[in-house]
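The structure appears right after this line, and notes come after that.
The values are calculated or read from the model by the stated rules, or taken from the named source; none is laboratory data. In this text the structure is predicted, and so the values were computed from the model without any measurement. Quick reminder, even Gly has a Cβ in these numbers, built from the backbone with ideal geometry, and neighbours come from all protein chains shown. For the accessible areas, the whole protein counts, side chains as well, though only heavy atoms, and no ligand, DNA or RNA atoms are used. Shrake-Rupley method; radii C 1.70, N 1.55, O 1.52, S 1.80 Å.
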Amino acid sequence: MSFVIPLRDKQAADAARFGAKAARLAALGHAGLPTPGGFCVDAQAYRLQLAHLGLEEAARGVFAAEDRPQARRHALSVKLGLMTGKIFPALREDLLKIFNPVVRSSALVEDNAGASFAGQFQSYLGLESEADFLTAVCACWAALWSTRALRYFATCGLDPAATGMGLIVQPLVQARCAGGGLSRTADGDMLVNAAAGPGSSVAQGEVVPDRYVLDRAGALKESTVGTNYHSMGCKHGRRAFSRLLAAPALDAEQLGELALQMRKAEEIFQHPVEIEWAQDETGIKLLQARPLNVAEAPVPDEIWLKHPRLSGHPGGAGWGTGRARIVSCECELERVAPGDVLVTTVAGPALSDVFHRVAGIVAELGGSTSHLASLARERGIPMVLGAMDATRRIPDGAMVAVDGVAGVVRWMRA
């Protein structure tokens, strides 16, 4: 049995074997859309590796555990076992034949409607040796058992032992610029985010990307140039950011090309899509397409319209009100109480840990196509990203209203 299939092969579009991320990427390529190409690894290889290492019982024990400490011990056993155990020979041989500098997760539960798992697993880029490549494979498997992923599984009522982890192995796109796109907004338009360099900064919510709103024909309706940031240390040893100037990443022709690709992706999958893309010296390549949840625009309460406001990038769902809780970095998230509106700097995936208790989220960095925005749309949580100076202008404890569709946050002065 071969565990590895080229993405160009028709079999690669089988989401039950390779995961929806790999299957959708294969389908885009089969339809003639530009992708980096590469290979996909069957999730059955992951299951056989679990059995080879004797980890199946520990995996089943996570969901069946009577208490959290016991579940954590089982999860840690699985994660460490996958990271330190040797890959069984037949699979190792198949993997080394397709050595490439990029390994990406493609879990069977990933990129599905209602459960995208956006940003919950791992990707590794720039791998230079076979040893690093095999370590990245093991790390992608182990990511299924990370604390953050397990919280997401629990939220969805899913058992991690009942699924599997496929993989995507492909060449590295030497990106001049990269970002994401939404094939449909609440207003019926299309939206593109872009920033210079690789797309990880956009996906992780670490920059304010360019924001381009396009009509259905791909013509530009409005645009906002993004802002790059320089990383610095904070008092907790974590990152803070200082603002740098940015220049537009895309021109009208490139935006028209992305609009056409998003329309074609909608036709392929028969629903609105959220894409990730990168542009190298040969042109734009699609990296991913997942189902997109499109919310109706809420009608704001008139009492809020007379209060101060900040505009930013809409997360794409909902309207919420609550008291502002200003958090400068992830180490302060325990300060966020149920019903608060979290106001922070970086819109990173770690903020998903407080989704269950917030009325909304406002972040100074990030854009509508970040992983956190995708998770917020999925959960119906109002979010505004790229809201410049929000942590300085919004008073801690003030009553705040977050319009996640219009991309506006308002607050009442004390």
Of all accessible surface on the chain at a 1.4 Å probe, what whole percent is carbon and sulfur?
-> 51 percent
If one builds a Gaussian network model of the chain from Cα atoms under 10 Å apart, the most fluctuating residue listed among C138, C156, C329 is C156
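When the dipole is taken about the Cα centre of region 40-183, and only Lys, Arg (+1) and Asp, Glu (-1) are charged at their Cβ, what size is it in debye, to the nearest 20?
300 debye
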Label-point separation (nm) for V225 and K97, each offset 7 Å from Cα along Cα-to-Cβ?
-> 5.1 nm
Which of A65, Q122, A136 sits closest to the plus end of the dipole of region 1-140, meaning its Cα is farthest towards the positive end, when Lys and Arg get +1 and Asp and Glu get -1 on the C-beta?
-> A65
If you build a Gaussian network model of the chain, linking Cα atoms that sit under 10 Å apart, which residue out of G166, G380, G316 swings the most?
-> G380
Burial-style ranking of 68-76, 17-25, average other-beta-carbon count within 10 Å with highest first, yields 17-25, 68-76
Listed highest first by mean packing, meaning other Cβ atoms within 10 Å per residue, what order do 350-356, 365-371, 174-180 come in?
-> 365-371, 174-180, 350-356
Got a sec? Which residues in region 395-414 would a label at R335 touch, if it sits 7 Å along Cα→Cβ and we count backbone N under 19 Å?
-> 395-401, 411-412, 414
Heavy-atom accessible area per residue - region 18-151, 1.4 Å, Å² | 43 Å²
Please identify the GluC sites (Glu not before Pro) of region 1-91 that satisfy two criteria: DSSP loop assignment and at most 14 other Cβ atoms within 10 Å. Which are they?
-> E66
Using the charge dipole of region 280-385 (Lys, Arg: +1 at Cβ; Asp, Glu: -1 at Cβ; taken about the Cα centre), state which of Q288, G366, P308 has its Cα farthest towards the positive end.
-> P308
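Can you give the charge dipole size of region 74-129 about its Cα centre, rounded to the nearest 20 debye, using +1 on the beta carbon of Lys and Arg and -1 on the beta carbon of Asp and Glu? Walk me through the intermediate numbers first.
Values: 5 positive and 5 negative charges, 36 e Å.
For region 74-129, the charge dipole is close to 180 debye.
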Label selected from (i) 35, 26, 19; (ii) 36, 22, 20; (iii) 31, 29, 21, the criterion being semi-axes √(5λ) of the Cα gyration tensor in Å as computed here | (i)
At most 16 other Cβ atoms within 10 Å and a DSSP loop assignment: could you name the GluC sites (Glu not before Pro) in region 251-330 that fit?
-> E281, E296
Taking 205-211, 193-199 and ranking on average Cβ neighbours within 10 Å, highest first, one gets 205-211, 193-199
Sparse-neighbourhood loop hits (GluC sites (Glu not before Pro), region 78-150; DSSP loop; Cβ within 10 Å at most 15 others) -> E128
Taking the chain and counting helices only, DSSP H stretches of n ≥ 4 at -39,500 (n - 2.57) each over all residues, the nearest-500 ellipticity at 222 nm comes to -8500 deg cm²/dmol
Would you be so kind as to identify which of G85, A175, V103 lies farthest towards the positive end of the dipole of region 78-185, taking Lys and Arg as +1 and Asp and Glu as -1 on Cβ and the Cα centre as origin?
-> A175
Please state the charge dipole magnitude for the chain, taken about the Cα centre, from unit charges on C-beta atoms (+1 on K and R, -1 on D and E), reported in debye and rounded to the nearest 20.
-> 760 debye
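Set the Förster distance to 25 Å, then compute FRET efficiency between S129 and R72 from the Cβ-Cβ distance, nearest 0.05.
Working: r = 33 Å, r/R0 = 1.31.
Computed FRET efficiency for S129 and R72: 0.15.
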How much area per residue is accessible in region 286-412 when the probe is 1.4 Å and only protein heavy atoms are counted (Å²)?
-> 33 Å²
